[in-house]
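First comes the structure, then the notes that go with it.
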Amino acid sequence: MVGAMEFLERIKREFGQFLITEHLTVAEFLSGSSPKKARPKKPAPKKPGKQNLYEILGVDPRASPNDIKKAYRAKMQSLHPDKTASWATEDVPKEVKDFLTKTAKQLNLAYEVLSDPRKRREYDQRIAG
């Protein structure tokens, strides 16, 4: 079993580059809008926090729905504290809990979009052009 801080460092290395900084609903993500800001008239350059959903799940854009489901479950399981850390014997820092929550939300968003054929088609069209 690893400690909470070692677990956080491992998760940051594995998932940190894919975090979306603000929480978006699926509709907001697909439309490219943000709940706090009006959408600019000119397309803004791609922000480092807004990553490709396929990259977040670690699958190819041609992946089957079954492959997407397997990748999602594997990533979510790797985040689960009961599988990797001895939480019962340690105080878990708020930073760790917040990071895991943000990462799980992002994985859920990616899976929600890519597992629905209609949403996936819309997403693919949006990133293609």
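The values are calculated or read from the model by the stated rules, or taken from the named source; none is laboratory data. For clarity, every value in this text was computed on a predicted model and none was experimentally measured. Neighbour counts run over all protein chains shown; Cβ positions are idealised from the backbone, glycine included.
Quick notes
- Residue count for the stretch 107-122 satisfying the condition of being surrounded by fewer than 15 Cβ atoms within 10 Å (Cβ to Cβ), touching a residue at least 12 places away in the same chain (Cβ under 8 Å) and basic (Lys, Arg): 0.
- Residue in the stretch 48-65 that is out of contact with any helix residue (DSSP H, G or I) (no Cβ under 9 Å at 6 or more places or on another chain), at pLDDT 75 or above and not in a helix (DSSP H, G or I) present: yes
- Matching option when the condition is modelled with pLDDT under 70, part of a helix (DSSP H, G or I) and at negative phi, among Ala88, Ala110: Ala88
- Test for Ala71: is it at pLDDT below 80, of a type in the set (A, V, I, L, M), part of a helix (DSSP H, G or I) and over 15 Å from Arg10 (Cα atoms): no
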